[in-house]
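To start, the structure itself, in C-alpha cells.
The values are calculated or read from the model by the stated rules, or taken from the named source; none is laboratory data. Not measured: the values here are computed from a predicted model. Cβ placement follows ideal geometry from the backbone for every residue including glycine, while neighbour counts extend to all protein chains displayed. Each accessible area value is taken on the protein alone, full model and side chains, heavy atoms only, with ligands, DNA and RNA left out. Shrake-Rupley method; radii C 1.70, N 1.55, O 1.52, S 1.80 Å.
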Amino acid sequence: ITMKTKMPPPIVTLVSALLIFFSRELFPNYVFEYQSMLSIAIFISGLMILFSAVSLFKEKETTVNPMSPEKASSLVVDGVFKYTRNPMYLGMSVVLLSISIQFNLIGGLLIISLFVAYITVFQIIPEEEAMEENFGEEYLSFKRSTRRWI
C-alpha cells in the first residue's frame, strides 16, 4: 500500500495549528469567561488521547510510523482503541480544537474540518487498506465494531 500523503500527520497538524493561529485576523474574535482554562483542559485531553494510543502501540511493539502502516506487527484494539480506530488523529484534532478555542474559534473550526477531511482521505483510508491486507478478518471485525473517529 502506498500512502497517498507524503506529509506526516504531525506536520499536517502543525501546519493546521499555524493556520488557525495566523488566520485569526480574518475571522470574528470570540472571547468568553474561562476561555483559557477550557482551552488548556481540552489541550490536555487531546494529548492524553494521543499519548495513550502511542503507549499502547509501544506496549504491543508495533510501529507508530503513520507513513508505513504495512509494518504494523499487531492490531491494537484495547484501551482508547475500543472507542475510536484512530485515537492519534482524534487526539491531534482535539489539540487543534483547543488552539481554536484560544485563538480563532470560527477559522479554527473550518480548518479542523479540512484537517479531518484531509487525514481521512490521505492517511486513514490508505492505513485501513494496509490493515485489511495485514490482518484480514481480525481488522474487518474491529472496523465493524469501532468507529473511524468517535
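Structure values in brief
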item: Among M37, M48, M67, residue whose mean-square fluctuation peaks in a GNM of the chain (springs only between Cα atoms under 10 Å); result: M37
item: With at most 13 other Cβ atoms within 10 Å, longest stretch of the chain clear of loop GluC sites (Glu not before Pro) (DSSP); result: 62-150
item: Nearest 10 degrees, 0 to 90: helix 125-145 Cα axis against the chain principal axis; result: 80 degrees
item: Computed [θ] at 222 nm, deg cm²/dmol, the chain (DSSP H ≥ 4; -39,500 (n - 2.57); rounded to nearest 500); result: -21000 deg cm²/dmol
item: Unit charges on C-beta of K, R, D, E only; dipole of the chain, Debye; result: 200 debye
item: Whole-percent carbon and sulfur share, accessible surface of the chain, 1.4 Å; result: 66 percent
item: Lys pairs, the chain - Cα-Cα below 20 angstrom, 8 or more residues apart or on other chains; result: 9
item: Per residue value of the accessible surface for the chain (all protein chains in place, 1.4 Å probe), Å²; result: 56 Å²
item: Between helix 87-103 and the chain: long-axis angle, C-alpha atoms, 0 to 90°, nearest 10; result: 0 degrees
item: Relative contact order [Cα under 8 Å, 6+ residues apart], the chain, whole percent; result: 37 percent
item: Dipole axis of the range 4-150 (+1 Lys, Arg; -1 Asp, Glu on Cβ), positive-most option in M37, P87, M48; result: M37
item: Packing rank of 84-93, 114-123, where each peptide gets the mean count of other beta carbons within 10 Å, highest leading; result: 84-93, 114-123
item: Listed residues L18, L105 arranged by accessible area, highest first, probe 1.4 Å; result: L18, L105
